[in-house]
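A.B. asks: Below: one structure in structure tokens.
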Amino acid sequence: MFNDIGALELVTIVVLAVLVFGPDKLPKVIQDVMRTVRKIREFSESAKQDIRQELGPEFKDFEFEDLNPKTFIRKQLENDELGLKEIRNGFDLKKEMAEVTDAVHGRDAGSSSSASSSSPSSGGRIDMVKKPEEPGKDDRPPFDADAT
């Protein structure tokens, strides 16, 4: 419950409790708090048992922790009915990234020869700047019906 409380925070809480309640009333306050926590836990457990009884035998393995969305998703992903493990094992991220990197850098067999022949001064790099195409002498400009 208090997994993330360090030593400094615990000492601070103890000092504040001593200052607020005083050293003579502090044991009584701690007993009252512990009794209240125990009653809340008992009430919670009895409510869980009542809900399980009302749901019936088909929900005998129902856990209230499964209502947490993170726990629910984690439990469903670990379930092998969907075949996610085969998909996850069949996907090699390093191989896919290497293929993408090769395609971007033009290391593919077909594109590396065309990239090096088209721009030998660029050192095998592909020019990503879009350049307008030169219209031929006999080419007419495209007809735009909306512009006329």
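A.B. asks: Counting Lys +1, Arg +1, Asp -1, Glu -1, what net charge surrounds S46 among other residues with beta carbon under 15 Å of its beta carbon?
C.D. replies: The answer is +1.
A.B. asks: Over 5 Å intervals from 0, what percent of Cα-Cα pairs in the stretch 13-82 sits in each interval?
C.D. replies: 3, 13, 12, 12, 12, 10, 9, 10, 8, 6, 3, 1, 0
A.B. asks: Apply the Karplus curve 6.51 cos²θ - 1.76 cosθ + 1.60, θ = phi - 60°, to the phi angles in the stretch 91-107 and return the couplings in whole Hz, x for Gly and Pro.
C.D. replies: 9, 9, 5, 5, 5, 5, 5, 5, 5, 5, 4, 5, 5, 5, 7, x, 8
A.B. asks: Follow-up question, since we're still on this one. What's the extension gain from L10 to D66 if we count 0.36 nm per residue and subtract their Cα-Cα distance?
C.D. replies: Value of the extension gain: 17.0 nm.
A.B. asks: Got a sec? What order do R140, R107, R52 fall in by accessible area at 1.4 Å, biggest, i.e. largest, first?
C.D. replies: R140, R107, R52
A.B. asks: For N3 and F59, what is the calculated FRET efficiency with R₀ set at 30 Å and r taken between the beta-carbons, to the nearest 0.05?
C.D. replies: It comes to 0.50.
The values are calculated or read from the model by the stated rules, or taken from the named source; none is laboratory data. It should be emphasised that the depicted structure is a prediction, and the values quoted were computed from it without experimental measurement. Backbone-built Cβ (ideal geometry, glycine too); neighbour counts: all protein chains shown. For the accessible areas, the whole protein counts, side chains as well, though only heavy atoms, and no ligand, DNA or RNA atoms are used. Shrake-Rupley method; radii C 1.70, N 1.55, O 1.52, S 1.80 Å.
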